[in-house]
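> I am attaching a structure below and will ask some questions about it afterwards.
The values are calculated or read from the model by the stated rules, or taken from the named source; none is laboratory data. Keep in mind that this is a model prediction, so the values were computed, not measured. Virtual Cβ from ideal backbone geometry, glycine too; neighbours counted across all protein chains shown. In case anyone asks, the SASA skips ligands and DNA or RNA and just uses the protein heavy atoms, side chains included. Shrake-Rupley method; radii C 1.70, N 1.55, O 1.52, S 1.80 Å.
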Amino acid sequence: MSAQTRKKVQRKLKIRGYGLKIDALEEILSFVDRFQDAEDEAIDLLLDQLEHESLSSSIIEKESVHRVISLLLEAEAATEEDGASCSSHSAIRVIDSFLVPKFHYDPIKKHFYQHTGSLPMHGEASAKAELYKDRFLLLFQRVCRDGHFSTSAFNAQTSEFGSCEICTIQSLIGQPGRRWVMGVISQLEDGHFYLEDLSASVEIDLSKAKITTGFFTENTIVLAEGQMLIDGIFQVITCGFPPLEDRDKSFKLLAGHDFFGGGDLTKEETLRLADLEKRAVNDMFVILSDIWLDNEETMGKLEIVLNGFESLEVVPSLFVFMGNFCSHPFNLSFHSFSSLRLQFGKLGQMIAAHPRLKDHSRFLFIPGPEDAGPSTALPRCALPKYLTEELQKYIPNAIFSSNPCRIKFYTQEIVFFRQDLLYRMRRSCLISPSPEETEDPFEHLVATIIHQSHLCPLPLMVQPIIWNYDHSLHLYPTPHTIVLGDKSEQKEFIYTGITCFNPGSFSGDSTFVVYRPCTRKVELSVL
């Protein structure tokens with residue numbers, strides 16, 4: 001056990017007002033040594049339990065420590081037995097977009113508070129303005145903590161490499177020289193682009209702007225350095241997305257709020273789940289996008305995939321089938337609902353013909369952009385029950401969820417989104433992406449959505465979003481993994497520690513992905 005860990009334990013005890021005898025310290029260190037990848041959580045859990053003990057003095061003795069450690073190890077042993085007897089089914093929690101909790105940021109009190117009350121599907125006009133305000137404040141509170149953009153104390157002069165204080169757009173009037181502003185790119189007049197924040201808007205000139213990696217489209221939130229010209233236009237010199245914040249740092253500042261929707265966990269539960277996750281080395285997810293049930297070739301290829309996984313020693317924990325589930329879009333000319341219902345039934349029969357998969361795997365269905373549903377607005381609700389009833393007769397535990405959809409695997413957070421996003425982002429781009437760091441469009445897409453903390457930062461005219469449920473597309477704090485189902489070519493990209501991949505189009509080019517959540521390893525596969 002390192003001297004650093006010893007000091008850490010002593011410091012944490014001192015903060016709580018306790019002293020420690022040498023033999024008690026050795027007992028604590030031997031306990032913490034069991035959890036080398038989660039030392040802080042183990043120490044905090046032990047100290048929390050010690051506080052429930054009736055201690056005779058502020059100097060903790062070995063007997064008290066030993067008693068608490070024995071209880072914790074008994075509890076761990078009991079959960080291990082439970083974990084061994086149950087399958088990984090209990091480890092996977094699917095979270096529908098319409099059940100994700102909504103939070104607002106208060107810029108005065110500088111904290112988040114949870115929205116209470118109902119969220120109607122058809123919001124009032126104010127809900128649209130609230131959508132933009134929530135997006136802006138979510139990123140603004142993150143930027144304010146960044147060392148480069150935090151307000152300098154005592155109005156100290158800083159060099160070009162030092163702090164860059166953000167001004168409000170309203171304060172630009174009469175201010176000579178270069179200034180940093182943050183705002184949403186908007187087209188308030190045809191052909192004229194503006195930058196808007198909560199105070200005002202200003203017309204911008206992006207013709208000479210040097211940009212960072214990503215797709216700069218209308219509705220994206222940017223940080224821009226520039227100066228006001230005599231004609232009232234803000235000449236942008238440098239333009240980039242708001243900087244990222246480490247996931248752990250975000251969590252420490254969220255005061256226990258559950259943004260993801262997987263439920264609040266105690267330190268003890270988190271520690272136990274993290275330990276179980278490390279042991280789940282055999283768990284794997286098979287992810288397929290574009291499964292055309294009305295196409296014989298596609299169904300034949302799917303049969304080959306299922307046969308292959310049926311014969312494995314350990315079958316996959318989860319199959320994720322993402323739409324589109326039909327080769328023809330569901331529009332006014334679509335009249336094959338009963339036929340598609342039968343095709344879902346045939347898929348159920350096909351899965352049921354593989355008894356090991358049926359008994360030990362779970363099957364998740366996520367609708368695509370052209371599948372049946374009340375509208376094309378995001379988030380999209382689960383597939384209609386009429387279409388899926390036949391399949392459920394064969395696979396009763398099949399899960400039909402929204403698009404996007406979230407999965408909590410032990411402590412890991414995974415987001416699934418099926419949308420042909422790359423093509424739309426490229427078409428909506430205002431400036432050609434910077435080739436300085438990468439020329440790969442998928443990498444530009446990933447950088448855009450992660451920096452924007454939003455799955456679909458497109459103009460609402462291009463991709464409608466249900467105003468009251470825009471929060472279900474937020475990516476804050478950043479998840480561990482993002483799956484972007486897209487008809488474009490299969491890709492994988494790890495950006496700032498976040499694993500992102502596109503499984504490709506199974507019907508188009510026979511590609512799919514095998515994902516191992518324990519190691520976060522992505523296996524790009526093709527038939």
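> Nearest 0.05, what FRET efficiency do Thr238 and Val462 give at R0 = 30 Å with Cβ-Cβ as r?
Details: r = 26 Å, r/R0 = 0.88.
Once rounded, the FRET efficiency stands at 0.70.
> Report the Cα centroid-to-centroid distance between segment 194-229 and segment 236-265 in angstrom, as an integer.
Rounded to whole Å, the Cα centres lie 23 Å apart.
> With a point put 7 Å past each Cα toward its Cβ, work out how far Lys267 is from Asn331 in nm, to one decimal.
5.8 nm
> Of all the stretches in the chain, which is the longest one without any exposed loop site, taking GluC sites (Glu not before Pro) in a DSSP loop (any state but H, G, I, E, B) with at most 16 other Cβ atoms within 10 Å? Kindly include the intermediate steps, with their values, before the conclusion.
On the way: sites that count: Glu53, Glu61, Glu124, Glu160, Glu165, Glu313, Glu436, Glu437, Glu439, Glu489.
By the stated rule (loop sites, at most 16 other Cβ atoms within 10 Å), 166-312.
> Enter the Cα centre distance for the pair segment 383-400 and segment 89-116, rounded to the nearest angstrom.
28 Å
> Nearest 20 debye, what's the magnitude of the dipole of segment 214-256 about its Cα centre given +1 on Lys and Arg Cβ and -1 on Asp and Glu Cβ?
Working: 3 positive and 6 negative charges, 45 e Å.
Value, rounded to 20: 220 debye.
> How much accessible surface area, in Å² rounded to 10, belongs to the heavy atoms of Tyr18 with a 1.4 Å probe?
The accessible area of Tyr18 comes to roughly 60 Å².
> Per-residue accessible area for Trp467 at 1.4 Å probe radius, Å² rounded to 10?
Accessible area, nearest 10 Å²: 80 Å².
> Can you compute the charge dipole magnitude of segment 393-527 about its Cα centre, using +1 on each Lys and Arg Cβ and -1 on each Asp and Glu Cβ, nothing else charged? Give it in debye, rounded to the nearest 20.
Values: 12 positive and 13 negative charges, 123 e Å.
Computed about the Cα centre, the dipole is about 600 debye.
> Another question about this same structure. Order the following by accessible area, largest value first: Tyr423, Tyr515. Probe radius 1.4 Å; ligands, DNA and RNA are ignored. Please report the intermediate quantities before stating the final value.
On the way: Tyr423 130, Tyr515 0 Å².
Ranking Tyr423, Tyr515 by accessible area, largest first, yields Tyr423, Tyr515.
> Given +1 on the Cβ of Lys and Arg, -1 on the Cβ of Asp and Glu, and no further charges, what dipole in debye does the chain carry about its Cα centre, rounded to the nearest 20?
Numbers: 51 positive and 71 negative charges, 95 e Å.
Computed about the Cα centre, the dipole is about 460 debye.
> Could you tell me which of Pro464, Gly485, Phe417 has its Cα farthest along the dipole of segment 389-489 towards the positive end, charges placed at Cβ (Lys, Arg +1; Asp, Glu -1), taken about the Cα centre?
Pro464
> Okay, next question. Keeping every protein chain in place, order Ile431, Ile108, Ile43 by accessible area at 1.4 Å, biggest value first, i.e. largest first. Don't jump to the answer; show the numbers that get you there.
Details: Ile431 35, Ile108 145, Ile43 0 Å².
Final ranking, largest accessible area leading: Ile108, Ile431, Ile43.
> Just to be sure I understand: of the beta bridges DSSP finds with both ends in the chain, what percent are antiparallel, rounded to 5? Present the calculation step by step, with values, prior to reporting the outcome.
Values: 50 of 79 bridges.
The antiparallel fraction comes to roughly 65 percent.
> Less than 10 Å Cβ to Cβ from Tyr394, Lys/Arg counted +1 and Asp/Glu -1: what total charge do the surrounding residues give?
On the way: positive: Lys346, Lys358, Lys393; negative: Glu390.
In short, +2.
> Another question, if that's okay. Measuring from label point to label point, each 7 Å out along Cα→Cβ, what is the Arg178 to Phe98 span in nm?
If labels sit at Arg178 and Phe98, their model points lie 5.0 nm apart.
> OK, next. Could you tell me the center-to-center distance, by alpha carbons, between segment 333-378 and segment 496-521 in angstrom?
The two parts, judged by their Cα centres, are 20 Å apart.
> Please list, in order, the residues from segment 407-432 whose amide nitrogen is less than 15 Å from a point placed 7 Å along the Cα→Cβ vector of Ala377.
none
> What length, rounded to one decimal in nm, is gained on full extension from Glu439 through to His480, with 0.36 nm per residue of separation minus their alpha-carbon distance?
Working: separation 41, 0.36 × 41 = 14.76 nm, distance 2.43 nm.
Gain on extension, Glu439 to His480, equals 12.3 nm.
> With all protein chains present and a 1.4 Å probe, how do Thr5, Thr496 order by accessible area, largest first? Don't skip to the answer; put the middle values down first.
Values: Thr5 5, Thr496 90 Å².
Descending order: Thr496, Thr5.
> Taking R0 as 35 Å, what FRET efficiency do you get between Glu296 and Gln187 from their Cβ-Cβ distance, rounded to the nearest 0.05?
Numbers: r = 46 Å, r/R0 = 1.31.
Result of the calculation: an efficiency of 0.15.
> Just to confirm, what accessible area per residue do you get for the chain at 1.4 Å probe, in whole Å²?
Working: 24880 Å² over 527 residues.
Dividing the accessible area of the chain by its residue count gives 47 Å².
> Follow-up question, since we're still on this one. Points 7 angstrom from Cα along the Cβ direction at Glu51 and Lys110: gap in nanometres?
Output for this residue pair reads 2.4 nm.
> At 0.36 nm per residue, minus the direct Cα-Cα distance, what do Ser199 and Leu430 gain on full extension? Give it in nm, one decimal, please. Display every interim value, and only then the final one.
Values: separation 231, 0.36 × 231 = 83.16 nm, distance 2.39 nm.
Extra length from Ser199 to Leu430 when fully extended: 80.8 nm.
> Between Lys128 and Gln227, 0.36 nm times their residue separation minus their Cα-Cα distance comes to what?
Values: separation 99, 0.36 × 99 = 35.64 nm, distance 3.04 nm.
Taking 0.36 nm per residue and subtracting the Cα distance, the gain is 32.6 nm.
> Moving on. What percentage of the solvent-accessible surface of segment 396-477, computed with a 1.4 Å probe over protein heavy atoms, is contributed by carbon and sulfur atoms?
Numbers: 1270 of 2580 Å².
That share works out to 49 percent.
> Evaluate the relative contact order of the chain (contact order divided by residue number), counting alpha-carbon pairs under 8 angstrom at least 6 apart; express in whole percent. Before the final figure, lay out each step's value.
On the way: 945 pairs, mean separation 82.8, N = 527.
With pairs under 8 Å counted, the relative contact order is 16 percent.
> How much solvent-accessible surface does Ser339 expose, in Å² to the nearest 10, with a 1.4 Å probe and all protein chains in place?
50 Å²
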